[in-house]
Amino acid sequence: MPRVRTGESVVARVVRVLEAFTTDEQALSVTEIARRSALPVATASRLVAELAAHGLLVRSGGAVRVGVRMWELAQRASPTLSLREAAMPFLEDLHAVIGQHVQLGVLDGDEVLFVERMSAPNAVVNYTRIAGRLSLHASSSGLVLLAHAPVDQQERVLASPLQRLTPHTPTRPQQVRATLADIRRQGYALCPGFIHVDATGVAVPVRDGSGAVVAAIGAVVPNDGNAYVHVPALLAAARGIGRGLVSH
């Protein structure tokens, strides 16, 4: 693979260009892409032009966006396809019952990556986006996944700075450890006001045929002290998804 004079491969620079885009900022100028990717503007412009020529990026006026072909290629290889296919009927039923946000998250590195989300116009505030990420210690889905992650990963996460998003976000390692133990014992995570003071996250694990936790299914509901009533519906949905994974 050709390398630039700094020793960094062209692929590494392309990845930095693509990572400049976020779920909230989907259109960027070449100058902004260069700034975010720490590349000279000329280099960023050349890489954007090459990616656009292959349909991976598209240009509209002065803005650059991720191209549909990027989505197409990602869909072919995504390991979450069978999970999403198995989950969608249960997410739809769960959404109809709860009437708020419901979402499906997987562990990716030291974050929870949300691969599906359903919402309603008047639902409580929720920062989750499809293809968006949240910290493991602050979100109900993240805590469920962290509770069932390898011990060395748990310790790595707990050794890193734990961001406080609200006064209720757990930021002390011993506090998070106790929460993880509670999740393993009771089978669900309940997070009142962890990410936004007006919302409570509640999530349960999704297990495959071997019993391994492969995802978390959760809901974000008003922080009114009643989020626990949704646990049985979440557990039922998780079992249904797990059965669907076995059939796939």
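Computed from the coordinates by the stated procedures, all read-outs in this text should not be read as laboratory data. Source: prediction; values computed, not measured. Every residue, glycine as well, gets a Cβ built from its backbone with ideal geometry; the counts of neighbours run over all protein chains shown.
Projecting the Cα atoms of VAL10, SER60, GLN26 onto the charge dipole of segment 10-70, computed from C-beta unit charges around the Cα centre, puts VAL10 farthest toward the positive end.
The order of the peptides 222-233, 195-206 by mean Cβ neighbours within 10 Å, most packed first, is 195-206, 222-233.
Charging the Cβ of each Asp and Glu at -1 and of each Lys and Arg at +1, and nothing else, the dipole of the chain about its Cα centre rounds to 580 debye. Could you tell me which of rounded, prolate or oblate describes segment 46-103, using a ≥ b ≥ c as the square roots of the eigenvalues of the alpha-carbon gyration tensor, with rounded for a/c under 1.5 and, failing that, prolate when a/b is larger than b/c and oblate otherwise? It is oblate, given that a/c is not under 1.5 and a/b is not larger than b/c.
Centroid-to-centroid, using Cα positions, segment 22-90 and segment 123-148 are 23 Å apart. Can you tell me how segment 10-70 classifies by the Cα gyration tensor, rounded, prolate or oblate, using a/c under 1.5 as the rounded cut? Cα axes put segment 10-70 in the rounded bin.
In order along segment 181-195, the phi-based Karplus estimate (6.51 cos²θ - 1.76 cosθ + 1.60, θ = phi - 60°) of 3J(HN,Hα) comes to 5, 4, 4, 5, 6, 9, x, 7, 10, 10, 10, x, x, 5, 9 Hz; Gly and Pro are listed as x.
Please state the shape class of segment 78-247: rounded when a/c is under 1.5, otherwise prolate if a/b exceeds b/c and oblate if not, all from the C-alpha gyration tensor. It is oblate, given that a/c is not under 1.5 and a/b is not larger than b/c.
List THR128, THR179 from most exposed to least, where exposure is judged by having the fewest other Cβ atoms within 10 Å.
THR179, THR128
Amide H to amide H, with H built 1.01 Å from N, ASP108 comes under 5 Å of LEU113, counting only residues 5 or more places away or on other chains.
Phi-derived couplings, Karplus 6.51 cos²θ - 1.76 cosθ + 1.60 at θ = phi - 60°, listed residue by residue for segment 154-170: 4, 5, 5, 5, 5, 7, 8, x, 9, 5, 8, 8, 9, x, 9, 5, x Hz, with x used for Gly and Pro. For the chain, adding -39500 (n - 2.57) for each run of n ≥ 4 DSSP H residues and dividing by the number of residues yields -13500 deg cm²/dmol at 222 nm. Each Lys and Arg contributes +1 and each Asp and Glu -1, all at the Cβ; summed about the Cα centre of segment 10-70, the dipole is approximately 160 debye. Across segment 16-30, coupling constants 3J(HN,Hα) worked out from phi with the 6.51/-1.76/1.60 Karplus curve, θ = phi - 60°, read 5, 4, 5, 6, 5, 7, 10, 5, 8, 10, 9, 10, 9, 7, 4 Hz, and Gly and Pro carry x.
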